[in-house]
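Take a look at the structure below.
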Amino acid sequence: MQKPMRLWVGDRRHNPVSILFKNILFKNMLFTTLLYFMAAFHVQASWIDDFIAGHIEIRALKDVEALVDVYDCGETEHKYYCGFDLDYRGVPMNAEIHLTKGQVTRIKFIADMMPYHYTRIPYNLRVDNYQLEEVTVGQEKFNIPDLLGNATPDEVDKKLVEFLNLHRISDSKLFTWIHKNEIQDRFITDRLCMKSGKEQISLEWISNPAF
């Protein structure tokens with residue numbers, strides 16, 4: 001039986017990249033070409049990674065227009081932007097960005113619901129220093145900080161897995177995340193909502209009162 005993946009305790013160990021096709025001219029050329037296309041793809045998609053990790057800010061129209069593969073999709077110009085087939089650390093996502101008077105009021109990423117995305121997205125958020133604070137399913141709430149006052153992190157994690165296992169993966173859930181950043185980087189949004197349901201998973205930033 002596969003061990004349940006922790007949703008709120010991160011493991012940021014990284015495996016070294018193997019050097020392939022060493023000293024073989026043809027294979028070296030093939031590998032170099034592959035790296036070129038991988039790098040080109042990363043340049044196109046990296047703004048999602050950078051935004052979620054807090055390395056860039058997207059606050060105004062000028063910030064949105066500087067993004068790669070994002071288009072003005074609204075009936076009124078400069079009000080609604082969208083991006084398709086983007087990538088968040090291996091998860092295909094679409095983006096929605098809403099603006100009012102040239103200022104960003106809502107940023108949302110959407111992925112198709114499938115078991116891989118359901119576990120991969122929380123893992124990605126942990127890599128980007130987000131910490132799960134609360135899970136809501138219907139009228140039930142699982143608040144992690146409250147439980148940590150009387151239990152160890154491992155015990156709370158086990159209870160969280162048991163709580164999630166009481167519900168189907170397709171049941172509507174709200175995961176509230178906070179960003180773990182002691183420096184309080186001004187680019188970081190304090191709170192993030194991850195919503196999952198039968199058809200999709202979404203990430204939406206809610207620190208701005210306009211959200």
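Each value in this text was obtained by applying a stated rule to the coordinates, not by laboratory testing. What you are looking at is a predicted structure, and each value in this text was computed from that prediction instead of being measured. Every residue, glycine as well, gets a Cβ built from its backbone with ideal geometry; the counts of neighbours run over all protein chains shown.
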> Can you work out the base-10 log of I(q)/I(0) for the stretch 65-152 at q = 0.13 1/Å, using the Debye formula on its C-alpha atoms alone?
Replying inline: -0.63
> So who's got an amide H within less than 5 Å of the one on Gln200, skipping anything under 5 residues away but keeping other chains? H placed 1.01 Å off N, in plane.
Replying inline: Met113
>> I'd like the Karplus ³J(HN,Hα) series for the stretch 139-148: coefficients 6.51, -1.76, 1.60, θ = phi - 60°, whole numbers in Hz, and an x wherever there's a Gly or Pro.
In response: 8, 8, 10, 10, 9, 6, x, 4, 6, 5
> Based on the Cβ-Cβ distance from Cys73 to Lys141, what FRET efficiency comes out when R0 is 35 Å, to the nearest 0.05?
Replying inline: 0.50
> Where the eigenvalues come from the Cα gyration tensor of the stretch 44-192, what are the semi-axes √(5λ) of the equivalent ellipsoid, largest first, in whole Å?
Replying inline: 31, 18, 14
>> Among 164-171, 96-103, 129-136, how do they line up by average Cβ neighbours within 10 Å per residue, starting with the highest?
In response: 129-136, 96-103, 164-171
> Once the piece of chain linking Lys159 and Gln131 is laid out straight, how much longer is it, given 0.36 nm per residue of separation minus the C-alpha distance between them?
Replying inline: 8.5 nm
> Say the cut-off is 26 Å between C-alpha atoms; which of Lys158/Lys195; Lys62/Lys198; Lys79/Lys108 go over it?
Replying inline: Lys62/Lys198
